[in-house]
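Reading through the structure tokens given below for one structure.
The values are calculated or read from the model by the stated rules, or taken from the named source; none is laboratory data. Here the structure is a predicted model, which is why all the values come from computation and not from measurement. Every residue, glycine among them, receives a Cβ derived from its backbone with ideal geometry; neighbour counts consider all protein chains shown. What goes into the accessible areas is simple: the full protein's heavy atoms, side chains included, and nothing from ligands, DNA or RNA. Shrake-Rupley method; radii C 1.70, N 1.55, O 1.52, S 1.80 Å.
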Amino acid sequence: MKVEVNEVFPIAITEEGTVMDFVDQEWVFVIKDEKWTSYECQALQKQPLSIDFVYKYDIAIFLLTVEDVIDTSDFIFCCHDNIYDAALWKKYEQGSGAMCTLYLLDKANVVKGKRRVCLSTKMSNCISECLQVQKEHSYVEEEFACNLEGLQAAYEPFELQPLALASETF
């Protein structure tokens with residue numbers, strides 16, 4: 001997905017909050033808020049970006065934090081929500097990893113900030129392996145929703161960070 005700062009995001013996101021998907025063999029994370037300050041947009045490029053991956057109760061959770069700028073945001077992923085190609089479960093070779101892009105959108109769906117990073121081989125393979133497990137387990141939407149609701153009631157996003165199976169800071 002190739003969208004630049006000050007362009008309209010190609011998918012209309014109606015509500016504020018977080019959205020993610022796996023598009024064109026890349027993890028895409030979107031945080032929509034009414035307005036982003038120039039300080040926040042510039043800090044997205046300069047401040048450490050931490051990505052944590054939690055897998056609990058067959059729920060994949062990505063946690064993104066931009067130090068001193070964006071509090072820990074949780075992004076829930078379920079491979080049963082869409083049809084994904086084999087790239088989602090691929091094994092990464094040494095020296096390669098999954099690409100990730102974080103977009104900050106304003107209320108008009110205009111990209112105000114963007115940061116692209118490449119995960120390590122180790123973290124990419126950890127995510128792929130957990131999603132393979134998620135794919136192989138039976139899926140009941142109501143059960144998934146109940147488990148997710150329980151996790152979100154028990155933990156704030158930052159409280160999930162110690163449960164991460166993989167973490168990286170860029």
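A few comments on the model shown:
- Number of the condition not met by ILE83 [criteria: (1) β-branched (Val, Ile, Thr); (2) more than 29 Å from VAL133 (Cα to Cα); (3) open to solvent by 20 Å² or more (accessible area, probe 1.4 Å)]: (2)
- Per-region count, the stretch 1-25, residues surrounded by fewer than 16 Cβ atoms within 10 Å (Cβ to Cβ), not in a loop (DSSP other than H, G, I, E, B) and not small (Gly, Ala, Ser): 2
- Neighbours by Cβ (under 7 Å, 6+ apart or cross-chain): first from the stretch 101-128, over 19 Å from MET1 (Cα atoms); second assigned to a helix (DSSP H, G or I) and not acidic (Asp, Glu): SER128/TRP89
- Residue count for the stretch 23-43 satisfying the condition of being modelled with pLDDT of 95 or more and within 29 Å of LYS90 (Cα to Cα): 5.
- Yes/no for SER96 being surrounded by 12 or more Cβ atoms within 10 Å (Cβ to Cβ), within 29 Å of LYS46 (Cβ to Cβ) and at pLDDT below 95: yes
- Cβ separations smaller than 8 Å between residues 6+ apart or across chains give the following pairs from the stretch 1-28 residues that are over 14 Å from ALA98 (Cβ atoms) to residues that are of a type in the set (Gly, Ala, Ser): VAL5/GLY113; VAL8/ALA108; THR18/SER73.
- Looking only at the stretch 26-39, residues that are assigned to a loop (DSSP other than H, G, I, E, B) and among the hydrophobic types (A, V, I, L, M, F, W, C) come to 1 in all.
- So ALA87, is it more than 16 Å from the chain's Cα centre (by Cα) and in contact (Cβ under 8 Å) with a residue 60 or more places away in the chain: yes
- Residues of the stretch 90-100 that turn out to be among the charged types (D, E, K, R) and touching a residue at least 60 places away in the same chain (Cβ under 8 Å), as a count: 0
- Remark: pairs (first residue in the stretch 54-81, farther than 30 Å from CYS41 by Cβ; second residue of a type in the set (D, E, K, R); Cβ separation under 7 Å; 6+ apart in sequence or on different chains) = CYS79/LYS135.
- Residue in the stretch 107-121 that is open to solvent by 30 Å² or more (accessible area, probe 1.4 Å), small (Gly, Ala, Ser), in contact with a strand residue (DSSP E or B) (Cβ under 8 Å, 6 or more places away or on another chain) and under 21 Å from GLY17 (Cβ atoms) present: yes
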